[in-house]
1. Span-like helices, chain B: DSSP H, alpha-carbon axial extent 24 Å or more, mean Kyte-Doolittle 0.5 or greater, which ones?
2. Of all the stretches in chain B, which is the longest one without any exposed loop site, taking GluC sites (Glu not before Pro) in a DSSP loop (any state but H, G, I, E, B) with at most 15 other Cβ atoms within 10 Å?
3. Any idea what the dipole of chain B comes to, in debye rounded to 20, about its Cα centre with Lys/Arg Cβ at +1 and Asp/Glu Cβ at -1?
4. Between A:Ser3 and A:Glu26, what is the label-to-label distance in nm when each label sits 7 Å out along the Cα-to-Cβ direction?
5. Report the residues of segment A:107-127 in range of a label on B:Gln175: point 7 Å along Cα→C-beta, backbone N strictly under 19 Å from it.
6. Dipole magnitude of segment B:1-52 about its Cα centre, charges +1 at Lys/Arg Cβ and -1 at Asp/Glu Cβ only, in debye to the nearest 20?
7. Quick one: in chain B, whose Cβ comes closest to the B/A rotation axis, and how close in angstrom?
8. I'd like the projected area of segment A:11-120, averaged over all directions, using the convex hull of its alpha carbons. Report it in nm² with one decimal.
There are 2 protein chains.
Amino acid sequence: MDSVKTSKMQEKREKILESALLLFAEKGYVNTPVREIIDLSGYGTGTFYKYFLNKEDVLKVLLENFLDQIVSAVRDFFRREEDLYVRFIESKRVMLNVFARNQKMSEIYSRVHGINDSIDECLQVFDDHFLYFTSRNIEYGISRGLFRDIPITPVASATLAMINYAVNLWIVKKQISEQEMFDMVISFHHSLAKGIVKDHSRIAQYENI
Amino acid sequence: MDSVKTSKMQEKREKILESALLLFAEKGYVNTPVREIIDLSGYGTGTFYKYFLNKEDVLKVLLENFLDQIVSAVRDFFRREEDLYVRFIESKRVMLNVFARNQKMSEIYSRVHGINDSIDECLQVFDDHFLYFTSRNIEYGISRGLFRDIPITPVASATLAMINYAVNLWIVKKQISEQEMFDMVISFHHSLAKGIVKDHSRIAQYENI
């Protein structure tokens, strides 16, 4: 009985999140009253407030779930792929795949930067995760003599900045296609990698795969 | 007489812009009523509307002036410095200097992305200028055999993304100091340059200057 109840609760919570996702993507977070989320979910006001504190809380859960997905995807990829150079380039494709598969969420992510401190903190947790992953990979590369001894944080930050920039051009500004977003980010990482990797024959080897 | 009148008009317009700059930086663009700009300027409502259509028009003029300053600074630097490699790195320091000297304007620039289409268009004109300058420099470098034949747009876009990211960390998030902002952007460009430049002895030569 308890597990039936839990799954029913889970279902309601999911339905509310899904309704918010649709409305935030369509009308924007700021222009969506909590009333409309409740109406679209088909549940009552009491149900909404059983699962969420307010509209901001819903946004935070959506962002956290989405950013967890990206972090998990990169973590899984790192488990499958041990080559640090391939990781450096291809982990960005893995991330972009999560963005491409979740267009509504990508649009929300791209638009909510700077809305308020609490949302920014939530985005900051993701940035920190991303920088940690990327930095660790470069650090390993340096310690194993594959990468030059470059300052790590600026490079990891640049890849984060580049991904946010390309996602925004694709989903908000609509200046580039999904394919162009991938090409832009991956091509940049190839150029950057040539500056980072010591032995360029290593790159030629990878490019011929 | 006409030139006295013109300079008086110029003075009023400047005073209104200055008042808006102070208020936008302190309270944010969205939270600043046009009334307060008028009051702080010390002129009447009629004077305000003689020079500007509305609050948005004031923001656009402020942004245009600021972004023109950056473009001019880079243009001047390119006139003084012909070495394409030095240009690739140091033009970013020249840009960051304009940001550092105009902290209020940097904060406004960093915060107003995505406010509305008309402001975004204004920011887009700047992005296009920046990408044009940066791309042309890389293009010259490739055509003269100094740089590898890399895809240009992704690299130029990454440097734009990186500058916006670093300026935001410095002036909005306050996570890094002004010096750290410079270090982050310049260090990244050194790492990237190693991937772009064909002859690395050329880099060693520059680093010893």
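The values are calculated or read from the model by the stated rules, or taken from the named source; none is laboratory data. Not measured: the values here are computed from a predicted model. We place every Cβ from the backbone using ideal geometry, glycine too, and count neighbours over all the protein chains shown. Accessible surface is based on the protein model in full, side chains and every heavy atom, while ligands, DNA and RNA are left aside. Shrake-Rupley method; radii C 1.70, N 1.55, O 1.52, S 1.80 Å.
1. On the way: long enough: B:2-27 (37 Å, -0.61); B:55-80 (38 Å, 0.00); B:84-101 (25 Å, 0.42); B:117-143 (37 Å, -0.21); B:152-171 (29 Å, 1.28); B:178-196 (27 Å, 0.10).
Correct list, ordered by number: B:152-171.
2. Details: sites that count: B:Glu81, B:Glu82.
Longest run free of exposed loop sites: B:83-209.
3. On the way: 27 positive and 29 negative charges, 43 e Å.
Dipole about the Cα centre, nearest 20: 200 debye.
4. Reported label-point gap for A:Ser3 and A:Glu26 is 3.6 nm.
5. Residues A:109-127 qualify, since their backbone N sits under 19 Å from the label point.
6. 180 debye
7. Nearest-to-axis residue on chain B, with distance in whole Å, is B:Gly195, 1.
8. About 7.8 nm², averaged over all directions.
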